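These notes concern the structure reproduced below.
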Amino acid sequence: MGYKIAVIPGDGIGPEIVREARKVLDVAGKKYGFELDYTELFMGGASIDVNGVPLTDETIAIAKASDAVLMGSIGGDAKTSPWYQLAPNLRPEAGLLKLRKSLNLFANLRPAYLYDELRAACPLRDEIIGDGFDMMIMRELTGGLYFGARHTEEVDGVRKAVDTLEYNENEIRRIAVKGFEIARKRRGKVCSVDKANVLDSSRLWRAVVEEVAKEYPDVELSHMLVDNCAMQLVRDPAQFDVILTENMFGDILSDEASMVTGSIGMLSSASLNETKFGLYEPSHGSAPDIAGMDKANPIATVLSAAMMLRYSLDLDEAADAIEAAVKQVLKDGYRTGDIMSEGCTQVGTVRMGDLIAERVR
Ligand code: IPM
Ligand code: MG
């Protein structure tokens with residue numbers, strides 16, 4: 001079987017981590033009998049340099065015509081990069097937001113779990129870690145504050161800025177349905193996170209989630225206010241299975257959850273629409289400070305590639321093999337600098353990719 005994959009290496013460490021993910025995918029393809037036909041696309045800063053804008057219509061069209069998109073990371077150092085002298089709608093991040101919206105990628109899955117082998121990297125105390133934790137943050141990705149009307153003005157010499165947090169019930173329902181479906185395949189628990197004690201959008205969110213819950217009597221639903229959730233994530237992360245939340249809360253909570261695992265360089269993500277199509281990228285950023293130095297941890301991108309095989313291409317066996325290979329590499333004591341601990345062998349980006357590929361083969 002052959003599949004069309006749009007690849008967006010992006011900026012910073014993006015190109016080098018995507019290279020390793022492709023290396024692993026190609027080995028998996030040989031073993032499991034599939035072929036990936038890659039088209040490399042520019043986005044973010046890389047696209048600004050070539051096209052003057054962070055995302056072109058042509059790039060969107062090619063992405064749309066593919067079976068899935070594999071992405072590295074975008075963006076540069078906001079203090080030093082010329083990209084951040086541009087108007088906000090022309091900066092690298094605007095390209096990513098436009099791509100999410102154009103491809104209707106409303107469901108963002110961000111798994112956060114503790115690898116047994118990486119317990120030492122977890123910043124929480126041992127008694128809080130307990131037997132470990134494994135949660136899935138389901139973040140709404142194409143609505144809310146990110147896409148509501150915004151403007152900045154000056155009224156009588158006073159500067160003023162407005163952002164709008166808007167949701168309609170259909171936008172809430174479709175992400176809730178995805179959340180319950182995914183919970184069914186996991187431990188059957190959804191915790192819906194909102195700020196219903198203050199926000200109208202959250203009160204609607206809660207009401208619609210409760211309606212959807214009626215269709216899933218086998219899934220246990222709870223509600224939590226976002227400030228409490230931020231606290232519970234460091235107090236008792238094991239209580240969570242699926243966390244279902246709106247765009248901005250999900251942005252913040254997913255960074256927190258990944259930090260709690262101690263290894264943000266390990267965490268993958270998938271952004272899905274109503275079909276099998278999805279965009280797959282690591283949860284971490286473009287780390288311009290270590291770009292091109294063979295220091296970046298490619299594992300989050302490799303695992304994102306595995307998610308792509310599983311969710312968009314139905315190649316579960318190959319996805320399992322990649323995930324098992326990553327676990328085996330950790331068991332064998334290999335670490336990139338970000339997850340290094342005593343007694344392990346430190347390796348660079350390329351070597352880590354080779355080690356994983358060898359274990360898939
Ligand atoms: C993320 C990032 C993006 C977001 C930025 C780069 C616009 O933080 O994917 O979490 O806020 O969604
Ligand atoms: Mg973020």
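The values are calculated or read from the model by the stated rules, or taken from the named source; none is laboratory data. What you see is a predicted model, and the numbers here were worked out from it, not measured in a lab. Cβ: placed from backbone, ideal geometry, glycine included. Neighbour counts: every protein chain shown. Please note that ligands, DNA and RNA were not included when accessible areas were found on the heavy atoms of the full protein model with its side chains. Shrake-Rupley method; radii C 1.70, N 1.55, O 1.52, S 1.80 Å.
Would you confirm, using the coordinates I've provided, whether Arg186 is in contact with a His (Cβ under 7 Å, 6 or more places away or on another chain) and not polar (S, T, N, Q)? For Arg186, the condition - in contact with a His (Cβ under 7 Å, 6 or more places away or on another chain) and not polar (S, T, N, Q) - is not met. For segment 51-68, the criterion of a residue being part of a strand (DSSP E or B), away from ligand 1 (no atom under 14 Å from the Cβ) and touching a Ser or Thr at 6+ places or on another chain (Cβ under 6 Å) is satisfied by at least one position.
Conditions tested, residue by residue: (1) under 13 Å from Leu279 (Cα atoms); (2) open to solvent by 30 Å² or more (accessible area, probe 1.4 Å).
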position	(1), (2)
Ile8	yes, no
Asp11	no, no
Pro15	no, yes
Thr39	no, yes
Val53	no, yes
Ser73	yes, no
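Screening the candidates Val326, Val347, Val360 for the property of being touching a strand residue (DSSP E or B) at 6+ places or on another chain (Cβ under 7 Å) and more than 16 Å from ligand 2 (Cβ to nearest atom) yields one hit, Val347.
Scan segment 284-306 for residues that are assigned to a loop (DSSP other than H, G, I, E, B) and at negative phi and the total you get is 9.
When Ala78 is tested against (1) aliphatic (A, V, I, L, M); (2) surrounded by 21 or more Cβ atoms within 10 Å (Cβ to Cβ); (3) in contact with a Phe, Trp or Tyr (Cβ under 6 Å, 6 or more places away or on another chain), exactly one condition is not met: (2). Checked against the criterion of being touching a helix residue (DSSP H, G or I) at 6+ places or on another chain (Cβ under 7 Å) and among the hydrophobic types (A, V, I, L, M, F, W, C), the candidates Ala68, Ala61, Ala46 yield just one match: Ala68. Can you find a residue that is modelled with pLDDT of 95 or more and of a type in the set (Gly, Ala, Ser) anywhere in segment 150-157? Checked against the condition, which is being modelled with pLDDT of 95 or more and of a type in the set (Gly, Ala, Ser), segment 150-157 yields at least one hit.
Just wondering, is there one or more residues in segment 111-120 that are within 16 Å of ligand 2 (Cβ to nearest atom), crowded, with 21+ Cβ neighbours inside 10 Å and not in a loop (DSSP other than H, G, I, E, B)? Yes, segment 111-120 contains at least one residue that is within 16 Å of ligand 2 (Cβ to nearest atom), crowded, with 21+ Cβ neighbours inside 10 Å and not in a loop (DSSP other than H, G, I, E, B). Filtering segment 320-341 to residues that are open to solvent by less than 50 Å² (accessible area, probe 1.4 Å) and touching a residue at least 24 places away in the same chain (Cβ under 8 Å) leaves Ala321, Ile322, Ala325, Val326, Val329, Leu330, Thr336, Gly337, Ile339, Ser341.
Met259 fulfils the conditions (1) open to solvent by 10 Å² or more (accessible area, probe 1.4 Å); (2) under 12 Å from Ala112 (Cβ atoms); (3) within 16 Å of ligand 2 (Cβ to nearest atom); (4) in contact with an Asp or Glu (Cβ under 9 Å, 6 or more places away or on another chain) except for a single criterion, (4).
Going through segment 56-102 one residue at a time, which ones are aliphatic (A, V, I, L, M) and farther than 30 Å from Met1 by Cα? Correct list: Ile74, Ala78, Leu86, Ala87, Leu90, Ala94, Leu97. The set of residues in segment 121-137 being surrounded by 12 or more Cβ atoms within 10 Å (Cβ to Cβ), away from ligand 1 (no atom under 14 Å from the Cβ) and not in a loop (DSSP other than H, G, I, E, B) consists of Ala121, Ile128, Ile129, Asp134, Met135, Met136. Only residues that are within 12 Å of ligand 1 (Cβ to nearest atom) and either touching a residue at least 24 places away in the same chain (Cβ under 8 Å) or β-branched (Val, Ile, Thr) (or both) were counted in segment 69-100, giving 15.
Against the conditions (1) of a type outside the set (Val, Ile, Thr); (2) part of a helix (DSSP H, G or I); (3) within 16 Å of ligand 1 (Cβ to nearest atom), Ala270 satisfies every one except (2). Every condition in (1) within 16 Å of ligand 1 (Cβ to nearest atom); (2) under 17 Å from the mean Cα position of the chain (by Cα); (3) at pLDDT below 95 is met by Leu103 except one, and the failing one is (3). Mind listing whichever residues of segment 71-100 are out of contact with any helix residue (DSSP H, G or I) (no Cβ under 9 Å at 6 or more places or on another chain) and within 16 Å of ligand 2 (Cβ to nearest atom)? Glu93, Leu96 - these are the residues of segment 71-100 that are out of contact with any helix residue (DSSP H, G or I) (no Cβ under 9 Å at 6 or more places or on another chain) and within 16 Å of ligand 2 (Cβ to nearest atom). Being surrounded by fewer than 16 Cβ atoms within 10 Å (Cβ to Cβ), away from ligand 2 (no atom under 16 Å from the Cβ) and at pLDDT below 95 is the requirement here; does Lys276 meet it? Yes: the conditions hold for Lys276.
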